[in-house]
Amino acid sequence: MSRTESTAYPESFDVRGALSLQVSHPTWGDYAKGLLQEGVSRPRAGVDAGDHPPITPVRALDPTVRARKECAGLKRVMGEGERWGGS
């Protein structure tokens, strides 16, 4: 089961804007640029379960940021626990 049951974006969702946030990524940025140059269309179908829109990246991850630092930030936000390696 997925984290959200919704697979449809609302009419107000800015597809081009979300994609534009990915063009700076060193791995898939060129792909995102290509999609923007070719033109993107709104997703054609999906189900709105009323919970929230499908999960979408909100920005490109800076690959120079160490994963350990990111994990530490998640611990502060979500709390310590066994699934985070506890300490």
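Extending 7 Å from the Cα toward the beta-carbon at both E38 and A18 defines two label points whose distance is 1.8 nm. Does the stretch 15-61 classify as rounded, prolate or oblate by the C-alpha gyration tensor (a ≥ b ≥ c root eigenvalues; a/c under 1.5 gives rounded; else a/b over b/c gives prolate, otherwise oblate)? It is oblate, given that a/c is not under 1.5 and a/b is not larger than b/c. Phi-derived couplings, Karplus 6.51 cos²θ - 1.76 cosθ + 1.60 at θ = phi - 60°, listed residue by residue for the stretch 12-21: 7, 5, 8, 4, 4, x, 5, 5, 4, 5 Hz, with x used for Gly and Pro. The charge dipole of the stretch 15-61, taken about its Cα centre with unit charges on the Cβ of Lys, Arg, Asp and Glu (plus for the first two, minus for the last two), comes to roughly 120 debye.
Taken together, the values in this text are just the output of simple stated rules run on the coordinates, not laboratory data. Here the structure is a predicted model, which is why all the values come from computation and not from measurement. Counting neighbours? That spans all protein chains shown, and the Cβs are built from the backbone with ideal geometry, glycine included.
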